[in-house]
Amino acid sequence: MSTTPSLPTRPLRTGLALTELGFGGAQIGNLYRETTEAEAADAVLRALGGGIRYLDTAPHYGLGLSERRLGAALRSVPRAAVVVSSKVGRLLVDSPETADRVDPEGFAVPAARRRAWDFSRDGILRSVESSLRRLGTDRLDIAYLHDPDNHWAQASTTGVGALVELREQGVVGAIGAGMNQAEMLAEFVRRTDVDVVMVAGRLTLLDHSALEDLLPLAAARNVGVVAAAVYNSGLLSRPVVSADAPYDYGSAPQEVVARARRIAQVCADHGVDLPAAALQYPLLHPSVVSVVVGTRTAEQVDGTLERYRARVPDELWTELDTAGLVPLPSGRSLTSRDG
C-alpha cells in the first residue's frame with residue numbers, strides 16, 4: 001500500500017483530508033447476508049490498493065463486527081496513512097437471552113447484543129472507548145452522531161458536547177452527525193460546532209433535498225459534507241433500471257422508476273453508465289469532501305473505482321439540469337470531475 005498513491009483528497013476545516021471516494025463498512029458487518037472474514041479483509045485491502053484512504057464504519061454495523069474486521073484489516077497499515085470514522089449513539093449491550101436468534105436489524109449476525117440509544121455524555125464516552133478497542137486504535141479521525149432523528153434534544157446538547165471534549169483531547173479529530181435526512185443535519189450545522197456531516201440518500205440523482213438548506217449552510221459555515229447511499233438503496237446501482245429494484249429501503253414508486261429511466265437514458269446518450277453518474281454527482285458540489293460507497297468484496301471495490309474514474313462530460317450534467325431531471329448544485333465545479 002505504501003507505494004500506491006491515494007485518490008484525490010478534499011480537506012475539512014480541521015485540516016483532515018478525505019479521499020473523494022470512501023469505503024463504507026456496513027457490508028463487511030454482514031449487512032443482509034454473511035460475508036467471510038477473507039472477503040472482508042480482501043475488500044479493505046483492495047480499497048487501500050486502489051487509493052482509497054477514507055474508511056467508515058459504526059458499532060451498528062453487525063453489532064461491532066464491521067469495526068472488528070476493519071481494525072484487523074488495518075493492523076499492518078500505518079495509522080497516519082488512513083482516515084477512519086465511526087459513529088456514536090447506539091451502545092452495544094450484552095443480550096444472552098437473544099443470542100440464539102439473528103439480529104433483527106438487517107445484519108446476519110447472532111443477536112448476542114442489542115443496541116441501546118444513548119446520546120448522553122457517558123454514553124458517548126463509552127461508545128468511543130468501545131469502538132477504539134474493536135478497531136485497535138487510539139483515536140477516531142471522525143466521530144458521527146448516528147441517526148439521532150428521534151433524539152435531537154440529547155444529541156444536540158450532551159452528545160455534541162461530549163464529542164467536542166474528545167476533539168479537544170485529541171481522541172477524535174473531527175465531529176459531526178450522519179443521517180438519512182437533510183433537515184436535521186442542517187440544524188446541526190446551524191446550531192452546533194460540527195466539522196462534517198454525512199448525508200445518506202439525500203444528495204443523489206433522484207433526491208436532491210440536501211441542496212435546499214444543508215449544502216448552502218455547510219458552505220457558509222465551512223462544514224464538510226460526506227455523501228452516502230448515492231444509489232438510493234439500489235435503484236441507481238445498475239445501468240438499466242429495474243422496476244423491482246429497491247428505493248430507500250422499500251419499493252420504488254412508478255414515477256420514481258420512470259424518472260430514473262429517463263436519467264439513465266440521458267446518461268446512455270452520453271456514453272455514461274447510470275451508476276457512474278450517481279457516484280460522481282455529489283462531487284460536483286464544492287462542500288462535498290467524499291462519497292462513501294458500501295462494498296463487500298474486492299470485486300465490488302474494483303467496480304466502484306471504475307465508476308469513480310469514468311469520464312462524465314459536462315454536457316451530461318447540463319442536459320440533466322436543462323431537462324429538469326437533476327439540478328446542478330450551486331457553486332458547482334464541473335471541470336473538476338470531467339476526465
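Matching residues to (1) in contact with a Gly (Cβ under 8 Å, 6 or more places away or on another chain); (2) closer than 22 Å to Leu211 by Cα; (3) crowded, with 16+ Cβ neighbours inside 10 Å:
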residue	(1), (2), (3)
Gly234	no, yes, yes
Pro239	no, no, no
Asp248	yes, yes, yes
Gln254	no, no, no
Asp269	no, no, no
Ala277	no, yes, yes
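Among the residues of segment 215-268, which ones are in contact (Cβ under 8 Å) with a residue 12 or more places away in the chain and among the acidic types (Asp, Glu)?
Result: Asp248, single match.
Just give me the residues in segment 74-93 being touching a residue at least 60 places away in the same chain (Cβ under 8 Å) and among the β-branched types (Val, Ile, Thr), in sequence order.
Scanning segment 74-93 gives Val77, Val83, Val88.
Kindly indicate the residue of segment 152-210 that is among the charged types (D, E, K, R) and part of a loop (DSSP other than H, G, I, E, B) and also surrounded by the most Cβ atoms within 10 Å (Cβ to Cβ) among those meeting that condition.
Arg202
For the condition under 18 Å from the mean Cα position of the chain (by Cα) and either closer than 23 Å to Phe107 by Cβ or in a loop (DSSP other than H, G, I, E, B) (or both), what is the one hit in Glu39, Glu34, Glu67?
Going through Glu39, Glu34, Glu67 in turn, the sole match is Glu67.
Can you pull out the residues in segment 310-330 that are in a loop (DSSP other than H, G, I, E, B) and over 18 Å from Ala210 (Cα atoms)?
Ala310, Arg311, Val312, Pro313, Ala323
In contact (Cβ under 8 Å) with a residue 24 or more places away in the chain and under 28 Å from Cys267 (Cα atoms) - does that describe any residue in segment 187-199?
Yes - at least one qualifying residue is present in segment 187-199.
Of all residues in segment 6-31 being of a type in the set (D, E, K, R) and over 14 Å from the mean Cα position of the chain (by Cα), which is surrounded by the fewest Cβ atoms within 10 Å (Cβ to Cβ)?
Filtering first and then ranking leaves Arg13.
Quick check on Ser130: is it assigned to a helix (DSSP H, G or I), at positive phi and either of a type outside the set (Asp, Glu) or modelled with pLDDT under 95 (or both)?
no
The values are calculated or read from the model by the stated rules, or taken from the named source; none is laboratory data. Nothing here was measured: the structure is a model prediction, and the numbers come from that model. Neighbour counts are summed over all protein chains in view; Cβ atoms, including those assigned to glycine, are modelled from backbone coordinates with ideal geometry.
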